[in-house]
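These notes concern the structure reproduced below.
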Amino acid sequence: MRPLTSLRRKTRGISLGLFALCLAAARCLQSQGVSLYIPQATINATVKEDILLSVEYSCHGVPTIEWTYSSNWGMQKIVEWKPGTQANISQSHKDRVCTFDNGSIQLFSVGVRDSGYYVITVTERLGSSQFGTIVLHVSEILYEDLHFVAVILAFLAAVAAVLISLMWVCNKCAYKFQRKRRHKLKESTTEEIELEDVEC
């Protein structure tokens, strides 16, 4: 009987050892969980520009990726998907978002209202998750304002040129009118002098 119990103990010891090893490996994998890398945490863009919110993640299995947007106007979900499957894009961003399997998204034709915080959450099947934030600042295109100023200045220059031309024409007309008047005055004074000479 003794050899049989020692065999059971050895088998039980091996089972417990394998179980402990598996448990340690699972804990090690779970502690690694999801890692997330964001190469550019702040992005400056101009209106109507297409921008890429670039990220990279690593985890075991296929995670769920979710992007949300937070700003002065509130918080909303942009998109949620698992790599390799159809993305669930919100109505507000329906035709403006493109997703990539590495977790990145591209926003098309951004506006000033798109400025804010973009939060990505990568959740593993076992429940561990990691999140990161990208700050986006969208500004108006400066040359549009300069274009407006240039058009106004060109218009004012054209009006000034027309006014100068009109003043020049008026000056010429006044000069001719004065010459005719002087000429008439000269003629009339000459006639008076001639009349006086004739009378004398």
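Restricting to the stretch 116-132, and then to whatever is in a loop (DSSP other than H, G, I, E, B) and not small (Gly, Ala, Ser), can you tell me which residue is nearest to the chain's Cα centre (by Cα)?
The selected residue is Glu124.
What pairs come up if the first residue lies in the stretch 49-71 and is assigned by the TED database to the domain that holds Ser115, the second is part of a loop (DSSP other than H, G, I, E, B) and exposed (fewer than 14 other Cβ atoms within 10 Å of the Cβ), and their beta carbons are under 6 Å apart, counting only those six or more places apart or on different chains?
Filtered contacts from the stretch 49-71: Asp50/Phe108; Ser54/Pro39; Glu56/Asn102; Gly61/Arg125.
Table: residues versus (1) closer than 20 Å to Pro39 by Cα; (2) among the hydroxyl-bearing types (Ser, Thr, Tyr).
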{"site": "Tyr69", "(1), (2)": "yes, yes"}
{"site": "Thr85", "(1), (2)": "no, yes"}
{"site": "Ser90", "(1), (2)": "no, yes"}
{"site": "Cys98", "(1), (2)": "yes, no"}
{"site": "Asn102", "(1), (2)": "yes, no"}
{"site": "Gly111", "(1), (2)": "no, no"}
{"site": "Phe131", "(1), (2)": "yes, no"}
{"site": "Val135", "(1), (2)": "yes, no"}
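I'm trying to understand the selection: among the residues of the stretch 35-45, which are open to solvent by 50 Å² or more (accessible area, probe 1.4 Å), at pLDDT 90 or above and not in a loop (DSSP other than H, G, I, E, B)?
Tyr37, Thr42, Asn44
From Ile89, Ile105, which residue is farther than 22 Å from Ala41 by Cβ and aliphatic (A, V, I, L, M)?
Just one listed residue meets the conditions, Ile89.
The values are calculated or read from the model by the stated rules, or taken from the named source; none is laboratory data. Just so we're clear, the structure is a prediction, and the values are computed from it rather than from any experiment. No Cβ is skipped: glycine too gets one built from the backbone with ideal geometry, and neighbour counts run over all protein chains shown. All accessible areas refer to the heavy atoms of the entire protein, side chains included, with ligands and DNA or RNA removed. Shrake-Rupley method; radii C 1.70, N 1.55, O 1.52, S 1.80 Å.
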